[in-house]
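> Please read through the structure below; I'll follow up with questions.
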Amino acid sequence: MVRQHYLSDKKLNYHRDDMKEILGTTIFHDLDDDNLAEQVEINLRMFDQL
């Protein structure tokens, strides 16, 4: 899969859909959609602070 990312100053650059797929099939596979979406937002905010 190829994904276009816009240039930014962020060290890590993930799309929400990609992060949701990654987390939903690995460590957070047992979460429902709402809790998974919340965890994705938490992780993306943490990445923004790096």
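> Is it the case that I27 is under 14 Å from the mean Cα position of the chain (by Cα), among the aliphatic types (A, V, I, L, M) and open to solvent by 60 Å² or more (accessible area, probe 1.4 Å)? Show your work before the answer.
On the way: under 14 Å from the mean Cα position of the chain (by Cα): yes; among the aliphatic types (A, V, I, L, M): yes; open to solvent by 60 Å² or more (accessible area, probe 1.4 Å): yes.
Judged against the criteria, I27 is a match.
> Now for a different question. Conditions first: (1) over 10 Å from the mean Cα position of the chain (by Cα); (2) open to solvent by 100 Å² or more (accessible area, probe 1.4 Å). D17 passes all but one, so which condition is the exception?
(1)
> I'd like to verify a number: residues in segment 13-34 that are more than 20 Å from R3 (Cβ to Cβ) and touching a Phe, Trp or Tyr at 6+ places or on another chain (Cβ under 8 Å), how many? So that I can check it myself, show each step before the final result.
First, the residues of segment 13-34 that are more than 20 Å from R3 (Cβ to Cβ): 27-34.
Cutting the leftovers down to touching a Phe, Trp or Tyr at 6+ places or on another chain (Cβ under 8 Å) gives us none.
Final tally of qualifying residues: 0.
> Only one residue in I42, I22 is at pLDDT 90 or above, open to solvent by less than 90 Å² (accessible area, probe 1.4 Å) and within 14 Å of the chain's Cα centre (by Cα), so which one is that? Give the derivation first.
On the way: I22 fails: at pLDDT 90 or above.
Matching residue, one of I42, I22: I42.
The values are calculated or read from the model by the stated rules, or taken from the named source; none is laboratory data. It should be emphasised that the depicted structure is a prediction, and the values quoted were computed from it without experimental measurement. Backbone-built Cβ (ideal geometry, glycine too); neighbour counts: all protein chains shown. SASA here: full protein model, heavy atoms, side chains in, ligands and nucleic acids out. Shrake-Rupley method; radii C 1.70, N 1.55, O 1.52, S 1.80 Å.
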